[in-house]
Structures are given as structure tokens and as C-alpha cells.
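Below is one structure; the comments refer to it alone.
Just so it is clear, none of the values below were taken in a lab; they were calculated from the coordinates. These numbers were taken from a predicted model, which means no experiment stands behind them. Ideal geometry is used to build each Cβ from the backbone, glycine not excepted, and the neighbour counts take in all protein chains shown.
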Amino acid sequence: MTLDSLSVTFAALADPTRRAILARLMSSEVSVSKLAEPFAMTLPAVTKHLDVLERAGLIVRGREAQWRPCRLQAAPLKAAAGWIAEYRHIWEQRLDRLDDYLHELQKKGKQNVRKKK
């Protein structure tokens with residue numbers, strides 16, 4: 001069974017440690033050991049997270065002598081954002097309806113206060 005790339009991307013993004021790793025890679029390439037520093041886990045545990053991110057196409061790991069740089073790959077994130085954006089108009093319509101409903105409630109509340117006076 002093969003998973004579609006969007007499912008793999010969302011599965012990789014489901015973990016907060018992996019999201020934190022991606023956030024650290026936003027500005028530049030970072031070595032595996034530097035990526036592991038802020039996490040309270042072993043280097044092999046961080047490497048497992050990197051494996052998941054790499055399989056999802058979210059990072060690329062290189063090899064330059066003793067340095068093992070990791071670099072963010074934005075294409076899968078763009079695809080995920082595009083998929084989410086397709087639903088944005090639905091959320092906006094629902095929020096607009098909620099806003100209209102709340103304004104109606106406020107008007108009714110003000111009218112009830114005036115009637116009581």
C-alpha cells in the first residue's frame with residue numbers, strides 16, 4: 001500500500017518535535033547535532049524524526065566531510081497549504097454567518113434592555 005504525499009506530509013507534521021525541527025531549519029541549513037541540542041532526547045531519537053521528515057520530502061540531508069547538514073524543502077508544505085486553502089472559503093463563510101448571528105443577538109439584547117426601561 002502506498003500513501004499519497006499529502007498524507008505523508010500531514011503525518012510528519014503531526015508531531016510537535018518534527019514541527020520544531022522544521023522551524024529551526026527555516027532560516028538556514030543546520031547540522032544534525034545542532035538540531036538535536038534543544039531537545040531532551042537522544043541523538044538516535046532525533047535521527048528517527050529526521051528520517052520521517054526526509055521520507056515526507058520535508059527535509060534533505062547532505063554530507064560534507066564530517067558535517068551532516070539538514071535543509072528544509074518547502075514544496076510539500078506548499079502542497080499542504082494549497083490543500084488547506086481550498087477549504088478556507090468554507091471557514092470564512094461560516095465565520096461570516098456566525099458574525100451576522102452574533103450581531104443579531106446584540107441588537108435583540110439592546111432592544112430588550114430598552115423595553116425594560
Problem - 5 angstrom amide H check on Ile59, placed H, neighbours 5+ away - result: Glu54, Gln73
Practice task
Mind telling me which of Leu13, Leu50, Leu102 comes out most flexible in a GNM of the chain, alpha-carbon contacts under 10 Å?
Solution key: Leu102
Practice task
Only loop residues by DSSP count here, and only those with at most 13 other Cβ atoms within 10 Å; note down the chymotrypsin sites (Phe, Trp or Tyr not before Pro) in region 1-110 that meet that.
Solution key: Tyr87
Exercise for the section: Mind pulling the angle between the C-alpha long axis of helix 16-25 and the longest principal axis of the chain? Nearest 10 degrees, somewhere in 0 to 90. Expected result: 70
Problem - For Val30, residues with placed amide H under 5 Å, excluding near neighbours - result: Cys70
Exercise for the section: Considering Cα pairs under 8 angstrom that are at least six residues apart, work out the relative contact order of the chain and quote it in whole percent. Expected result: 25
Completion exercise
Taking every alpha carbon pair in the chain and sorting the distances into 5 angstrom bins from 0 up to the bin holding the longest one, the percent per bin comes out as 2, 10, 16, 15, 12, 8, 7, 6, 6, 5, 5, 4, 3, 2, 1, 0, 0
